[in-house]
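Each remark here refers to the structure printed beneath this line.
The values are calculated or read from the model by the stated rules, or taken from the named source; none is laboratory data. Computed from a predicted model, the values in this text were never measured in an experiment. Here the Cβ positions follow ideal geometry from the backbone for every residue, glycine too, while neighbour counts run over all protein chains shown. Side chains are part of the model used for accessible areas, which takes the heavy atoms of the whole protein and leaves out ligands, DNA and RNA. Shrake-Rupley method; radii C 1.70, N 1.55, O 1.52, S 1.80 Å.
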Amino acid sequence: MSRPSSPATEWTYSEYTRLPDDGNRYEVIDGEVCMTPAPGPAHQEIAANLLVGLRQYVREHRLGRVLWDVDLLFVNGQYLRPDMVFVPTSSLEGITDRGVESPPGLVVEVLSPHSRRIDRDLKPPRYRAFGVPEYWVVDPKSASVEVYRLQGAGGPEVVRDALRWQPDEAVPALVMSVADLFRS
């Protein structure tokens, strides 16, 4: 992670788009630029396993869209780029050419060595403030998923066996084996 010595207090979208296209991932959180190296192969494998399961479930039940590596653009000075998001049907108009400009129903991050502090400390309060109901942090080191239910109080629930997600009470829940997420 790299931080400038004197961060800008507020970034415009135009300034954000001028950050280098050098293979690193850039985000702007509270006016500060956060840079992490591109995800490694293990990270990508885990994210792909999760994406396949989420996308199949969302499509089967016509719940919305699951997007991979897309910008979340809520307000100036807050440009986040999670590994994936679920956008419910009711919020699809928030998907634009720039990214997702309305609160998604789920945000997912797979931890990398350089992203731990950003994903665990900086992002949950931002997502809560933006109205995101659920946030998952997938931790390859502990082979677990931290489930943050952001509209309630308390910390994350650490899941090591079966990950259960039900964005719509009218359809059956998705149940995924956490161990399967970490298989090559």
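The table below lists the values:
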quantity	calculated
Exclusive hit being basic (Lys, Arg) and under 15 Å from Pro167 (Cα atoms), set Arg25, Arg65, Arg18	Arg65
Inter-residue pairs, beta-carbon under 6 Å, first within 19 Å of Val70 (Cβ to Cβ) and in the stretch 25-54, second aromatic (Phe, Trp, Tyr) and assigned to a helix (DSSP H, G or I), 6+ apart	Val28/Tyr16
Neighbours by Cβ (under 6 Å, 6+ apart or cross-chain): first from the stretch 78-106, without any contact (Cβ under 8 Å) to a residue 60 or more places away in the chain; second aromatic (Phe, Trp, Tyr) and part of a strand (DSSP E or B)	Met84/Trp68; Pro104/Phe86
Residue in the stretch 142-149 that is touching a residue at least 12 places away in the same chain (Cβ under 8 Å), open to solvent by less than 10 Å² (accessible area, probe 1.4 Å) and small (Gly, Ala, Ser) present	yes
Hits in the stretch 125-176 - residues which are basic (Lys, Arg) and more than 30 Å from Val75 (Cβ to Cβ)	Lys141, Arg160, Arg164
Positions within the stretch 36-78 being among the β-branched types (Val, Ile, Thr), touching a Ser or Thr at 6+ places or on another chain (Cβ under 9 Å) and farther than 30 Å from Thr12 by Cα, in sequence order	none
Filtered residue count, the stretch 117-140, keeping only those that are touching a Lys or Arg at 6+ places or on another chain (Cβ under 9 Å) and over 20 Å from Val66 (Cβ atoms)	1
Test: His43 is surrounded by fewer than 17 Cβ atoms within 10 Å (Cβ to Cβ), out of contact with any helix residue (DSSP H, G or I) (no Cβ under 8 Å at 6 or more places or on another chain) and of a type outside the set (S, T, N, Q)	no
Residues of the stretch 142-184 that turn out to be within 19 Å of the chain's Cα centre (by Cα), part of a loop (DSSP other than H, G, I, E, B) and of a type in the set (Asp, Glu), as a count	0
Trp68 being within 27 Å of Ala173 (Cβ to Cβ), among the aromatic types (Phe, Trp, Tyr) and crowded, with 20+ Cβ neighbours inside 10 Å	no
Flag if Phe130 is aromatic (Phe, Trp, Tyr) and touching a residue at least 60 places away in the same chain (Cβ under 8 Å)	no
Exclusive hit being open to solvent by 10 Å² or more (accessible area, probe 1.4 Å), of a type in the set (Asp, Glu) and closer than 20 Å to Leu150 by Cβ, set Glu101, Glu93	Glu101
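A quick yes/no check of all residues on (1) in contact with a strand residue (DSSP E or B) (Cβ under 6 Å, 6 or more places away or on another chain); (2) surrounded by 12 or more Cβ atoms within 10 Å (Cβ to Cβ); (3) polar (S, T, N, Q):
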| position | (1), (2), (3) |
| --- | --- |
| Thr89 | yes, yes, yes |
| Val107 | yes, yes, no |
| Leu122 | yes, yes, no |
| Tyr127 | yes, yes, no |
| Gly131 | no, yes, no |
| Asp139 | no, yes, no |
| Asp161 | no, no, no |
| Ser184 | no, no, yes |
